[in-house]
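K.L.:
Just passing along the structure, written as structure tokens.
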Amino acid sequence: MIRKLQAVALDCADPARLAEFYATLLGGQVVADQDDPDWVEVHGFEGGRLAFQRVDGYRAPDWPGQQVPQQIHLDFDVDDLEGEEKRALALGARVLERTDQVRPGSNWRVYADPAGHPFCLCLH
């Protein structure tokens with residue numbers, strides 16, 4: 001029986017840079033593996049751990065297309081969609097879709113992190 005999810009790991013070209021982005025976004029801490037510079041984790045935020053691993057020849061997902069499938073995306077609950085969007089953009093994210101503005105009744109927006117992984121900020 002599986003008891004709990006240990007971590008969600010994302011492939012990327014620069015794990016330290018991507019870990020720093022998510023640590024700042026989520027209020028966590030970067031934890032580097034001294035024995036493996038190709039693996040970096042973010043701990044200390046509500047919801048678990050994120051890990052980042054270096055992959056040679058990494059190609060960012062293509063959202064919403066499927067030329068390079070997104071494979072995974074992360075959803076984060078927020079209390080202030082506008083404020084958290086500004087913060088995410090200042091950290092290096094980019095807007096993929098302001099879903100709440102194009103689909104009536106939606107409460108989320110889609111972004112790409114600096115490595116191109118899609119993630120959503122969802123109004124809680």
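K.L.:
From the list PRO114, PRO37, PRO104, exactly one residue is in a loop (DSSP other than H, G, I, E, B), open to solvent by 20 Å² or more (accessible area, probe 1.4 Å) and touching a Lys or Arg at 6+ places or on another chain (Cβ under 7 Å). Which is it?
P.N.:
Within the list PRO114, PRO37, PRO104, the selection yields PRO114.
K.L.:
Look at GLU97 and say whether it is within 20 Å of PRO118 (Cβ to Cβ), open to solvent by 60 Å² or more (accessible area, probe 1.4 Å) and among the acidic types (Asp, Glu).
P.N.:
Answer is no for this residue.
K.L.:
For region 50-65, name all the residues that are open to solvent by less than 70 Å² (accessible area, probe 1.4 Å) and assigned to a strand (DSSP E or B).
P.N.:
LEU50, ALA51, PHE52, GLN53
K.L.:
If you don't mind, another one. Quick one: CYS12 ticks every box in (1) touching a Lys or Arg at 6+ places or on another chain (Cβ under 9 Å); (2) more than 20 Å from GLN71 (Cβ to Cβ) bar one, so which box is it?
P.N.:
Against the list (1) touching a Lys or Arg at 6+ places or on another chain (Cβ under 9 Å); (2) more than 20 Å from GLN71 (Cβ to Cβ), CYS12 comes up short only on (2).
K.L.:
Within the group VAL42, VAL31, VAL8, VAL68, which residue is open to solvent by less than 50 Å² (accessible area, probe 1.4 Å) and either modelled with pLDDT of 90 or more or farther than 25 Å from ARG109 by Cα (or both)?
P.N.:
VAL42
K.L.:
Could I ask something else about it? For region 79-93, does any single residue satisfy the condition of being surrounded by 15 or more Cβ atoms within 10 Å (Cβ to Cβ), assigned to a loop (DSSP other than H, G, I, E, B) and over 16 Å from the mean Cα position of the chain (by Cα)?
P.N.:
no
The values are calculated or read from the model by the stated rules, or taken from the named source; none is laboratory data. Nothing here was measured: the structure is a model prediction, and the numbers come from that model. Virtual Cβ from ideal backbone geometry, glycine too; neighbours counted across all protein chains shown. All accessible areas refer to the heavy atoms of the entire protein, side chains included, with ligands and DNA or RNA removed. Shrake-Rupley method; radii C 1.70, N 1.55, O 1.52, S 1.80 Å.
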